1. How high is the FRET efficiency from A:SER159 to A:VAL185, r the C-beta distance, R0 30 Å, rounded to 0.05?
2. Could you list A:ARG12, A:ARG162 so that the one with the fewest beta carbons within 10 Å of its beta carbon is first and the one with the most is last?
3. At what distance in nm do the modelled label points of A:GLN144 and A:TYR19 sit from each other, each positioned 7 Å from its Cα along Cα→Cβ?
4. Given a Förster radius of 41 Å and the C-beta distance between A:GLU103 and A:ASN210 as r, what FRET efficiency does 1/(1 + (r/R0)^6) yield to the nearest 0.05?
5. How would you rank A:SER108, A:SER137, going from fewest to most other Cβ atoms within 10 Å of each one's own Cβ?
6. Multiply the residue separation of A:LYS68 and A:ILE5 by 0.36 nm, subtract the distance between their alpha-carbon atoms, and state the gained length in nm to one decimal.
7. Of A:CYS212, A:CYS167, how do they rank once you tally other Cβ atoms within 10 Å and put the fewest first?
8. Name the long-range amide H neighbours of A:GLY107: under 5 Å, sequence gap of 5 or more, or other chain; modelled H, no Pro or chain starts.
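Nothing in this text is a laboratory measurement; each read-out follows from the coordinates by a stated rule. As the structure is a computational prediction, the values presented were derived from the model and not from experiment. Every residue, glycine among them, receives a Cβ derived from its backbone with ideal geometry; neighbour counts consider all protein chains shown.
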Amino acid sequence: MKKRIRADKIFREIYVRLYKFYGPRFWWPAKTRLEVIIGAILTQNTSWKNVEKAIKNLKKHKVLAKEKLLNIDPVELAELIKSSGYYNIKSGRLKNFITFLFEKYEGSLDKMFKEDFGILRNNLLAIKGLGEETVDSILLYAGQKAVFVIDAYTRRIFSRHRLIHECDSYQDIQNKFVRNLKSDVTLFNEYHALIVELGKNLCRKEPNCNACPLKDIPRR
DNA sequence: GACCAGGCACATC
DNA sequence: GATGTGCATGGT
């Protein structure tokens, strides 16, 4: 009878392999917490390169500031973030977040992140346009909270190794990561960033490529 | 020109 | 609860 390898060993091994292969990712690629949050919203179903252009444009027009975002006309904002796609929708989503921040936390990210974790996560999820992935990215990368972010790459890669089912709910997949890893902000930060790196480089083009750092990870 | 990218809301069944 | 659709640019 073949001995079944413990899931936590595999989750750990995948992390170690990716880290050795790609090295630290220094995520999130942003200078401020506000920039992280804006990036998290703009990158919804969009390549990061297109988001970078939009953020650069916001900086150029000196709009990358809370009060400015609060007061700018949504149509004007949409124009500035055009390169990130879905610009009308995303302009509204940025507005929704910033309005929430001022109404609930007097425009202070410090106050917001001092909120009880469970309450904050639910508050953020109640904002129209912020789903689980966006909210968890904000909590982890802007708020330094130990939350594991699940995205399309995570689903694809981990279902391929039969550690999850691709159709599992977000919550189910997240629970699986949390159960099998030490709860640690730095680990969660790096792990998700490494998954994205792998996903961007190899995942679609050559799923069984020999150069893949996970090529002989045991499948369950 | 087709396909994809670090999602989400909403309609319909 | 599952499934389908609209939102849109820019790179390959």
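1. Between A:SER159 and A:VAL185 the formula returns 0.70.
2. Placing the least packed residue first, the sequence is A:ARG162, A:ARG12.
3. 1.9
4. The pair A:GLU103/A:ASN210 has a calculated efficiency of 0.15.
5. Taking fewest neighbouring Cβ atoms as first place, the list is A:SER108, A:SER137.
6. 17.4 nm is the gain from fully extending A:LYS68 to A:ILE5.
7. Listing A:CYS212, A:CYS167 from fewest to most nearby Cβ atoms yields A:CYS167, A:CYS212.
8. For A:GLY107, the qualifying residues are A:PHE102.
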